[in-house]
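Novice: Below you will find the structure I want to go over with you.
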Amino acid sequence: MNEATFFNLLSLVWAVAALFSFLILLFVTAPYGRHIHKKTGPVISSTLGWLIMEAPAPLLFLAFFYLGERQKNPVVFIFLLFWLFHYIYRAFVFPFLIRGTTRSMPLYIICSAFFFNLVNTYLQGRYINTIGPTYDLVWLYDPRFVFGGTLFLVGFAINLRADSILRNLRKPGEIHYSIPFGNLFKYVSCPNYLGEVIEWIGWALMTWSIPGLIFAFWTVANLGPRAIAHHSWYKKHFADYPKERKALIPFIL
């Protein structure tokens, strides 16, 4: 089996896995963060957990870029910058901003996310750098690239702002939860998740690729049910939680 055949088969399996994951997560909430419980098995610190599970994404994508055939392609280089823009923050900045000295994460969640990033980064990185069609310079002026890139940056900004608001609800060392206010929290319980969904829909558009589309689908499959679970958790724990808020999509869901 050559790599192209393996790549196409893996893409199909990965898309089906996203669908199954979505169906499971509609009924079972992944036990980390506010949803962690005593039956989750071994745990380690959230900071170390985030670092371990997210680090493969920037490091592998860089490796695929340098091992690929398109190092001199300016479009591919810009894709690399966008990817690193998100994942350097997620892997090497965000974990060290987490507040709460007793925060922990189940080891099996970390292993699952680590595996996800291995497979997903392989699909994205190999497609863009080697397997997919070559992106000509004119792609930078294509409406799909322009609109997709804009969506990516808007989503990243939403994500950063929401993370900042959530983080600043706590003083250093505190671990309790409070109702967040401000910015898109006026409309939804999880603007951080909304930002990520927008980002990777933007990525799918700007790369105009099947792997990008599958990644966007995975993001919705993972974060959609989790946003609904967060929303229910807020309403259960805070009697004065704003009734007009939705879970993920303003005015709709």
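Novice: Taking only Cα atoms, what is the 0 to 90° angle, nearest 10, from helix 191-207's long axis to the longest principal axis of the chain?
Specialist: In the chain, helix 191-207 runs at an angle near 10 degrees to the longest axis.
Novice: Could you compute the net charge surrounding Leu48? Neighbours are other residues with a C-beta less than 15 Å from the C-beta of Leu48; K and R count +1, D and E count -1.
Specialist: Cβ neighbours under 15 Å give a net charge of +1.
Novice: Follow-up question, since we're still on this one. Phe27 versus Trp208, label points 7 Å from Cα toward the beta carbon: distance in nm?
Specialist: Rounded to a tenth, the inter-label distance reads 4.1 nm.
Novice: Amide H to amide H under 5 Å from Ser104: which residues, 5+ apart in sequence or cross-chain, H placed 1.01 Å off N in plane?
Specialist: Ser46
Novice: How much net charge surrounds Gly182 when only other residues with a Cβ under 13 Å from its Cβ are counted (Lys, Arg +1; Asp, Glu -1)?
Specialist: Once all neighbours under 13 Å are counted, the net charge is +3.
Novice: In region 191-253, which trypsin sites (Lys or Arg not before Pro) are in a loop and have at most 12 other Cβ atoms within 10 Å, using DSSP for the loop call?
Specialist: The qualifying sites are Lys243.
Novice: Would you grab the residues whose amide H sits under 5 Å from the one on Lys246? Only those 5+ places off in sequence or on another chain, please, with H modelled 1.01 Å from N.
Specialist: Val188, Ser189, Phe251
Novice: Same structure, new question: Cβ under 14 Å from Asp136's Cβ, Asp136 left aside: what net charge do those residues give with Lys, Arg +1 and Asp, Glu -1?
Specialist: Net charge around Asp136: +2.
Novice: Any idea what diffusion coefficient region 135-224 gets from Stokes-Einstein, in µm²/s, Kirkwood Rh on alpha carbon pairs, 4 °C, 1.567 mPa s?
Specialist: My calculation gives 91 µm²/s for D.
Novice: Below 8 Å, C-alpha to C-alpha, sequence gap of six or more: please give me the relative contact order for the chain in percent.
Specialist: 23 percent.
Novice: Oh, and also: As an exercise, use a Förster radius of 35 Å and the Cβ-Cβ distance of Phe238 and Leu59 to find the FRET efficiency, rounded to the nearest 0.05.
Specialist: 0.30
Novice: Could you work out which residue, out of Gly49, Gly68, Gly212, moves most in a Gaussian network model of the chain, that is, has the largest mean-square fluctuation with Cα springs under 10 Å?
Specialist: Most flexible of the set in this elastic network: Gly68.
Novice: Something else: For every helix of n ≥ 4 consecutive DSSP H residues, a contribution of -39,500 (n - 2.57) applies; sum these over the chain, divide by its total residues, and give [θ] at 222 nm rounded to the nearest 500 deg cm²/dmol.
Specialist: Rounded to the nearest 500, it is -20500 deg cm²/dmol.
Novice: Given +1 on the Cβ of Lys and Arg, -1 on the Cβ of Asp and Glu, and no further charges, what dipole in debye does region 21-237 carry about its Cα centre, rounded to the nearest 20?
Specialist: 860 debye
Novice: Measure nothing fancy, just the Cα-based angle from helix 107-126's long axis to the longest principal axis of the chain, in degrees from 0 to 90, nearest 10.
Specialist: 30 degrees
Novice: Rounded to two decimal places and with Rh computed the Kirkwood way over Cα pairs, what is Rg over Rh for region 58-148?
Specialist: Looking at region 58-148, the ratio lands at 1.07.
Novice: Could you tell me which chymotrypsin sites (Phe, Trp or Tyr not before Pro) in region 202-253 are loop residues by DSSP with no more than 16 other beta carbons within 10 angstrom of their beta carbon?
Specialist: Here the sparse-neighbourhood loop sites are Trp208, Phe238, Phe251.
Novice: In debye, nearest 20: dipole of region 151-253 around its Cα centre with unit charges on the Cβ of K, R (+) and D, E (-)?
Specialist: Once rounded to the nearest 20, the dipole reads 320 debye.
Novice: On to the next question. Pick out which of Asn183, Asn192, Asn120 has the largest mean-square fluctuation in a Gaussian network model of the chain, springs linking Cα atoms closer than 10 Å.
Specialist: Highest fluctuation among the options: Asn183.
Novice: Hey, what's the Kirkwood Rh for region 21-237 if you take every pair of different alpha carbons, in angstrom?
Specialist: Kirkwood hydrodynamic radius for region 21-237: 18.3 Å.
Novice: Over all directions, average the projected area of the Cα convex hull of region 76-128 and note it in nm².
Specialist: Over every viewing direction, the Cα hull of region 76-128 projects on average to 4.2 nm².
Novice: Return the single residue from Ala229, Ala162, Ala239 with maximal mean-square fluctuation; model: Gaussian network over the chain, springs between Cα atoms under 10 Å.
Specialist: Maximum among the listed residues: Ala239.
No value in this document is a laboratory result; all are computed from the given coordinates. These numbers come from a predicted model, not from an experiment. No Cβ is skipped: glycine too gets one built from the backbone with ideal geometry, and neighbour counts run over all protein chains shown.
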